[in-house]
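Okay, so here's the structure we're looking at.
The values are calculated or read from the model by the stated rules, or taken from the named source; none is laboratory data. It should be emphasised that the depicted structure is a prediction, and the values quoted were computed from it without experimental measurement. In this analysis, Cβ positions are derived from the backbone assuming ideal geometry, glycine residues included, and neighbour counts consider all displayed protein chains.
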2 protein chains.
Amino acid sequence: MPSQLSMNLATLRNGSSFAQMVDDCLRHGITAISPWRDQVAAVGLAEAANIVRSNGLRVTGLCRGGMFPAETAEGRQQAIDDNLRAIEEAATLGADCLVLVVGGLPGSSKDIGGARQMVADGIAAMLPAARATGVPLAIEPLHPMYAADRACVNTLDQALDIAAQLGEGVGVAIDVYHVWWDPNLAAAIARAGRDKRILAHHICDWLVPTTDMLLDRGMMGDGVIDLKAIRAMIEAAGYHGPQEVEIFSRDTWWKRPGDEVVATCVERLAVTF
Amino acid sequence: MPSQLSMNLATLRNGSSFAQMVDDCLRHGITAISPWRDQVAAVGLAEAANIVRSNGLRVTGLCRGGMFPAETAEGRQQAIDDNLRAIEEAATLGADCLVLVVGGLPGSSKDIGGARQMVADGIAAMLPAARATGVPLAIEPLHPMYAADRACVNTLDQALDIAAQLGEGVGVAIDVYHVWWDPNLAAAIARAGRDKRILAHHICDWLVPTTDMLLDRGMMGDGVIDLKAIRAMIEAAGYHGPQEVEIFSRDTWWKRPGDEVVATCVERLAVTF
């Protein structure tokens, strides 16, 4: 079962180094990871890539590009430039995809339609480089509660519409935390499969109550998401990559040793089957 | 402009009595209110109805019925029974509609599809009484962040699907706080208009950051919702009732005198035009 699990390294934000996080994963049979750019930068890109290669790790994604909307054309170009660097980093790490958290409303804007257009324009601008480098871009629809400040792409269908508009080299990352509530989820996942757009499958759980909108995600099995049903939908849609555990949990899991967190993730993967 | 505003009395939860809240409204030219059942119960239904009638108030809605899902058939029947009482109360107050917050996942269930079926079944069970009494039922889709614990109907389209299935006597309450992020909002509002389902239009604002998932709604103009654009969509869809201000704000507006809150609502209505 561990071979079907990837560890998003955001789950292990307890102060461990990149090498320590990898060791915690390997000790429990996890050979797939998904690091964040700041975690890669902290150890250095070359050393991170060296750790990945020397341990034969699969990198299921690099988190994250995106954050396209900005008030000025200059700001939007800066975002695109940063995304071009992210593509290079993803390529160096041999990542399966670059995950895009697309960004919310720029400045004091109330124009969510305009922000959404900036997202499509931004992805279009980086797409030639992504195609040339062979790194697919995974648009991650985020829960609507992040529409203002993190991502104005808020449903899987919306992400698929953008992907369809842009063509080859763009897909989606399906994170259960963001999409579990969607009344159209089953149809949207089936569509994502037909369109061959599924690039990643992230798991965690939705806690009741949720005490922080960003940093109170739950361990699989501790919340209300039907992880088994969603996994079945994603597999039926033709995606058979690892389930990637991504848990932002400031007050619980980020306070525990990596060894315990990874062991718990491995154990809890069972609730998804 | 005040004549186009209704005051949802949840906005005035500062300890004032029903009569005081009505006085605060009347002092600022507001002659439409939407009370909550606990606020009506506190003064007594007969006295509340007397205050409404003697002041010539319009009651744009009674909040709230709903909360249909339950783990047992007995629990679901209790919910229906309570909703039948709510219909009677709404009729006694002469309310334009009974607002339904439909409820989330019952107990430790992860079956959101099942909960949604319980909602449709519950509304169907109370609908004959609602029709006989002449009180339309307004399904209020709630923001997806409440899917687990408050309402598993989370988009306007989903509410319209249920209404279409159930027929006459069921409509929707469109609260900007819950739907502003929806990429399909414009089309859904147009559909609601074609189907003649719009029964209420609630306003407030989405604050950035939002510090509490339930009790940190903003005053119109203090957040990112394009209230003007949504009002225009709703009016273009044929609804011309008052905009009803519903602000849950434990740390800001609930701490201020009703007179100040109502005055601010009246002033801020301008940002919607």
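Worth a mention:
- Within the stretch B:232-264, considering residues that are aliphatic (A, V, I, L, M) and touching a helix residue (DSSP H, G or I) at 6+ places or on another chain (Cβ under 8 Å), the one nearest to B:ILE174 (Cα to Cα): B:ILE234
- Residue list for the stretch A:130-142, restricted to those being surrounded by 17 or more Cβ atoms within 10 Å (Cβ to Cβ), among the aliphatic types (A, V, I, L, M) and away from chain B (no Cβ under 14 Å): A:ALA130, A:VAL135, A:LEU137, A:ALA138
- Residues being in contact (Cβ under 8 Å) with a residue 12 or more places away in the chain and basic (Lys, Arg) - total across the stretch B:67-87: 1
- B:ILE225 aliphatic (A, V, I, L, M), within 14 Å of chain A (Cβ to nearest Cβ) and crowded, with 21+ Cβ neighbours inside 10 Å: yes
- For B:ALA187, the conditions (1) in a helix (DSSP H, G or I); (2) under 18 Å from the mean Cα position of the chain (by Cα) all hold with the exception of (2).
- A:GLY223 being under 22 Å from A:ALA163 (Cα atoms), in a loop (DSSP other than H, G, I, E, B) and in contact with a strand residue (DSSP E or B) (Cβ under 9 Å, 6 or more places away or on another chain): no
- Residue satisfying condition, being part of a loop (DSSP other than H, G, I, E, B), touching a helix residue (DSSP H, G or I) at 6+ places or on another chain (Cβ under 6 Å) and within 11 Å of chain B (Cβ to nearest Cβ), within set A:MET213, A:MET145: A:MET213
- Single unsatisfied condition, B:GLN4 versus (1) out of contact with any helix residue (DSSP H, G or I) (no Cβ under 6 Å at 6 or more places or on another chain); (2) at pLDDT 95 or above: (2)
- Summed over the stretch A:109-138, residues that are of a type in the set (Val, Ile, Thr) and either in a loop (DSSP other than H, G, I, E, B) or closer than 13 Å to A:ALA163 by Cβ (or both) total 3.
- Considering only residues in the stretch B:173-203 that are touching a Pro at 6+ places or on another chain (Cβ under 7 Å) and free of Cβ contacts under 8 Å to residues at least 60 places away in the same chain, the one that is nearest to the other protein chains (Cβ to nearest Cβ) turns out to be B:TRP181.
- Residue match in the stretch B:118-128 (condition: crowded, with 17+ Cβ neighbours inside 10 Å, within 11 Å of chain A (Cβ to nearest Cβ) and not acidic (Asp, Glu)): no
- So B:ALA163, is it touching a residue at least 24 places away in the same chain (Cβ under 8 Å), out of contact with any Lys or Arg (no Cβ under 6 Å at 6 or more places or on another chain) and of a type in the set (A, V, I, L, M, F, W, C): no
- Within the stretch A:255-270, the set of residues being aliphatic (A, V, I, L, M) and either buried (at least 20 other Cβ atoms within 10 Å of the Cβ) or in contact with a Pro (Cβ under 7 Å, 6 or more places away or on another chain) (or both) comprises A:VAL261, A:VAL262, A:VAL266, A:LEU269.
- Verdict on B:MET219 being over 21 Å from B:LEU98 (Cα atoms), more than 14 Å from chain A (Cβ to nearest Cβ) and either of a type outside the set (Phe, Trp, Tyr) or in contact (Cβ under 8 Å) with a residue 24 or more places away in the chain (or both): yes
- You will find that of A:LEU93, A:LEU100, A:LEU62, A:LEU84, the residue that is within 20 Å of A:ARG37 (Cα to Cα) and in contact with a Gly (Cβ under 7 Å, 6 or more places away or on another chain) is A:LEU100 and no other.
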